[in-house]
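**Q** Handing you a structure now.
The values are calculated or read from the model by the stated rules, or taken from the named source; none is laboratory data. This one's a predicted model, so the numbers in the text were calculated from it and none came from an experiment. In this analysis, Cβ positions are derived from the backbone assuming ideal geometry, glycine residues included, and neighbour counts consider all displayed protein chains. Keep in mind that these areas ignore ligands, DNA and RNA; they rest on the heavy atoms of the full protein, side chains included. Shrake-Rupley method; radii C 1.70, N 1.55, O 1.52, S 1.80 Å.
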Protein chains: 2
Amino acid sequence: MNPKSDNITWHPSKLAREDRHARNRHRSCVLWLTGLSASGKSTLAFELEKELHVRGVGSYVLDGDNIRHGLSRDLGFASEDRQENLRRVGEAAKLLVDAGLVVIAAFISPSERDRRMVRSLYQDGDYHEVYVRCSLATCESRDPKGLYAKARSGMLPGFTGIDADYETPERPDLVIDTEAGSVRDSVTALLRYLEGCGCLTADLSRIHSGAHAPSR
Amino acid sequence: MNPKSDNITWHPSKLAREDRHARNRHRSCVLWLTGLSASGKSTLAFELEKELHVRGVGSYVLDGDNIRHGLSRDLGFASEDRQENLRRVGEAAKLLVDAGLVVIAAFISPSERDRRMVRSLYQDGDYHEVYVRCSLATCESRDPKGLYAKARSGMLPGFTGIDADYETPERPDLVIDTEAGSVRDSVTALLRYLEGCGCLTADLSRIHSGAHAPSR
C-alpha cells in the first residue's frame, strides 16, 4: 500500500541503526510472540523483558491487551479491525526497533496472512516469529482472565480457539512449548535464541572515533 | 475515549520507568515541535538527536513526513485524518517515552485543540511543547520542498499558512525562533531546556542492589 499522498518525502535520521547498536551495545529486533489466549505470551514477554534489563539490554513489551488502551483504542475485534490493530502494532514495533530496542510483541495474531503482513514490514533479520505453543485444553484450564468461560457461554463471539480458528504458524523462527517446560526454561530458550541471532551484543567495530560518535 | 471493549486488562510491565531511566542514565520525555512547514522542525529534530546521541542519551525522531509512510499510511490530510494522525503519533511517542527514550516529534500540528489532545495523553512532565517560530514569509522563501509554491498555485488545498490556519501555541513550554538564531543556537537552547527539566540525567538513587537490577 502506498501512502495516500505523494506530498511527503523521507527524512532519514542522521543516526544509523549501527550507531544506536554501538551506543546500546546490543542489536535491536522484534520477537513476535503468537499463540492462543493463556498460552503464556504475556508472562514470557514480561519475564524476558526483566531478564534483558538485568543484562543491560534495552527492551520493551508491546502487549495485545495494553495496546488497545492507546494506539488501537478506536478498534474493535472484527477481522478487519484485528488486522489493522496488528498493522499498527507492527509499525509501532518497527519504530521501537529502529530506535534500538529489543521489542517483545505478545499478540494472539491467529491468522497466517496477518502475521505475514507484519513480517513484510521488516527488513531481513529484524522480525522473529515465536510460536508459543500450548494445547487449547491447557489454555482453557488456565483461563486466568475467565475469557474461555465467557467465550463458551457465548459472551465473546469470535474468540480464538472457541469459535474462531488459530492458524498454527507454518514457519516460525522458534517454538516455545509452555506445557513442556517452566517459565524459566522458556525464558532461557528465548535468551539463547536472541544470543544466537546476535541481538544481545553489538558489532562494536563501528565505534572508532569516540564512544558515541554518530557515523554520519 | 474508552477502549471499544472491556474484555481487556492492563498488564503492567515488570520494569518501572525509573528502572529504565537508571539503566539509561537519563529520564525520558517527548519534545513536541510544532510550527509552519519549513520553519525548521525536522532540521532541529535531527540535529538534536545527533547531539543527544553524542551525549549518550537515547533519543528518537518522529517526523511528520516519515510517519505517514508507516503508522498513518492509510490517512489523508482532511481535518479528521490529521487529528487521527496526531493521536497515533502521540500514542507511539508515548510507547517510546515509556521505553525510556527522549522522543522528538516534529509535526506542523496547527490546531490548538489537537495539540491539547496529544498533551492529554501524557502524565505531567512527560510532554513538552516547543513552538518553532518562523514568519510565513521566511518559511515561504525557504520552501525546500517547493510545497508553498504548489500551495500558492492551488495544487495543495488546505496547506497550513496558505489556505488553512496555523494557530499559534497559547502556552508553549519553549519557543525557538529560527529566524533569530542559527541551527546551532536553537539546538543549544533545546539541550539547555532538556537539562533544565532533568531529562539529560537520571536519579540514580534507585540503583541500590546491582547495576541494572529492576525494582520489582
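**Q** Picking from A:LYS150, A:LYS145, which residue would you name as being facing chain B (nearest Cβ under 10 Å), open to solvent by 50 Å² or more (accessible area, probe 1.4 Å) and not in a loop (DSSP other than H, G, I, E, B)? Spell out how you get there, then give the answer.
**A** Numbers: A:LYS145 fails: not in a loop (DSSP other than H, G, I, E, B).
The match here is A:LYS150.
**Q** Here are A:ARG27, A:ARG20: which of them is basic (Lys, Arg), away from chain B (no Cβ under 11 Å) and at negative phi?
**A** Details: A:ARG20 fails: away from chain B (no Cβ under 11 Å).
Selected residue: A:ARG27, the only one of A:ARG27, A:ARG20 that is basic (Lys, Arg), away from chain B (no Cβ under 11 Å) and at negative phi.
**Q** Shifting gears a bit: Please go through the stretch A:16-26 and pick out each residue that is crowded, with 24+ Cβ neighbours inside 10 Å and either touching a strand residue (DSSP E or B) at 6+ places or on another chain (Cβ under 8 Å) or outside any helix (DSSP H, G or I) (or both).
**A** Residue satisfying the conditions is A:HIS26 alone.
**Q** Being modelled with pLDDT under 50, surrounded by 11 or more Cβ atoms within 10 Å (Cβ to Cβ), out of contact with any Leu (no Cβ under 6 Å at 6 or more places or on another chain) and not hydroxyl-bearing (Ser, Thr, Tyr) is the filter here; which residues of the stretch B:199-216 pass it?
**A** Across the stretch B:199-216, the qualifying residues are B:LEU204, B:ARG206, B:ILE207, B:HIS212, B:ALA213.
**Q** If a residue must be more than 7 Å from chain B (Cβ to nearest Cβ) and on the phi < 0 side of the Ramachandran plot, how many such residues does the stretch A:37-57 contain? Full working, then the answer.
**A** The first filter runs over the stretch A:37-57 and keeps only residues more than 7 Å from chain B (Cβ to nearest Cβ), leaving A:37-41, A:43-45, A:47-48, A:51-52, A:55, A:57.
Among the residues that remain, those that are also on the phi < 0 side of the Ramachandran plot are: A:37, A:39, A:41, A:43-45, A:47-48, A:51-52, A:55, A:57.
Of the residues in the stretch A:37-57, 12 are more than 7 Å from chain B (Cβ to nearest Cβ) and on the phi < 0 side of the Ramachandran plot.
**Q** Here are the criteria: (1) farther than 30 Å from A:ARG27 by Cβ; (2) at pLDDT below 95. Tell me which single one A:GLY196 does not satisfy.
**A** In the conditions (1) farther than 30 Å from A:ARG27 by Cβ; (2) at pLDDT below 95, A:GLY196 misses (1) alone.
**Q** Here's a check for you: in the stretch B:123-142, which residue that is among the charged types (D, E, K, R) and within 12 Å of the chain's Cα centre (by Cα) is surrounded by the fewest Cβ atoms within 10 Å (Cβ to Cβ)? Walk me through how you get there before you give the answer.
**A** Initial filter on the stretch B:123-142 (among the charged types (D, E, K, R)): B:124, B:126, B:129, B:133, B:140, B:142.
From what's left, within 12 Å of the chain's Cα centre (by Cα): B:126, B:129.
Values: B:ASP126: 19, B:GLU129: 21.
Among residues in the stretch B:123-142 that are among the charged types (D, E, K, R) and within 12 Å of the chain's Cα centre (by Cα), the one surrounded by the fewest Cβ atoms within 10 Å (Cβ to Cβ) is B:ASP126.
**Q** Please count how many residues of the stretch A:115-125 are in contact with a helix residue (DSSP H, G or I) (Cβ under 6 Å, 6 or more places away or on another chain) and assigned to a loop (DSSP other than H, G, I, E, B). It would help to see each step written out before you state the result.
**A** Within the stretch A:115-125, the first condition is being in contact with a helix residue (DSSP H, G or I) (Cβ under 6 Å, 6 or more places away or on another chain), and the residues that meet it are A:118, A:121.
Checking the rest, the ones that are also assigned to a loop (DSSP other than H, G, I, E, B) come to A:121.
Number satisfying all stated conditions: 1.
**Q** What residue, among those in the stretch A:56-72 that are of a type in the set (A, V, I, L, M) and over 14 Å from the mean Cα position of the chain (by Cα), is modelled with the highest pLDDT? Walk me through how you get there before you give the answer.
**A** Taking the stretch A:56-72 and keeping what is of a type in the set (A, V, I, L, M), we get A:57, A:61-62, A:67, A:71.
If we keep only those that are over 14 Å from the mean Cα position of the chain (by Cα) too, we end up with A:57, A:71.
Working: A:VAL57: 93, A:LEU71: 96.
In this case the residue turns out to be A:LEU71.
**Q** Within the stretch B:81-102, track down each residue that is open to solvent by 10 Å² or more (accessible area, probe 1.4 Å), within 10 Å of another protein chain (Cβ to nearest Cβ) and among the basic types (Lys, Arg).
**A** Answer for the stretch B:81-102, where residues must be open to solvent by 10 Å² or more (accessible area, probe 1.4 Å), within 10 Å of another protein chain (Cβ to nearest Cβ) and among the basic types (Lys, Arg): B:ARG87, B:LYS94.
**Q** While we're here: Among the residues of the stretch B:103-114, which ones are in a loop (DSSP other than H, G, I, E, B), of a type outside the set (Val, Ile, Thr) and surrounded by fewer than 24 Cβ atoms within 10 Å (Cβ to Cβ)? Please lay out each step first, then the result.
**A** Going residue by residue through the stretch B:103-114, those that are in a loop (DSSP other than H, G, I, E, B) are B:107-111.
Then keep just the ones that are of a type outside the set (Val, Ile, Thr); that gives B:107, B:109-111.
Selection gives B:PRO110, B:SER111.
Matching residues to (1) part of a loop (DSSP other than H, G, I, E, B); (2) over 28 Å from B:SER135 (Cβ atoms); (3) open to solvent by less than 20 Å² (accessible area, probe 1.4 Å); (4) aliphatic (A, V, I, L, M):
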position: B:VAL30; (1), (2), (3), (4): no, no, yes, yes
position: B:SER39; (1), (2), (3), (4): yes, no, yes, no
position: B:GLU47; (1), (2), (3), (4): no, no, no, no
position: B:VAL57; (1), (2), (3), (4): yes, yes, yes, yes
position: B:TYR60; (1), (2), (3), (4): no, yes, yes, no
position: B:ARG68; (1), (2), (3), (4): no, no, yes, no
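**Q** If I filter the stretch A:115-122 for residues that are among the aromatic types (Phe, Trp, Tyr), surrounded by fewer than 21 Cβ atoms within 10 Å (Cβ to Cβ) and more than 9 Å from chain B (Cβ to nearest Cβ), do I get at least one hit? Can you show your working first?
**A** Taking the stretch A:115-122 first, the residues among the aromatic types (Phe, Trp, Tyr) are A:122.
Subset that is surrounded by fewer than 21 Cβ atoms within 10 Å (Cβ to Cβ): A:122.
In the following step, the residues that additionally are more than 9 Å from chain B (Cβ to nearest Cβ) were identified as A:122.
Checked the stretch A:115-122: at least one residue is among the aromatic types (Phe, Trp, Tyr), surrounded by fewer than 21 Cβ atoms within 10 Å (Cβ to Cβ) and more than 9 Å from chain B (Cβ to nearest Cβ).
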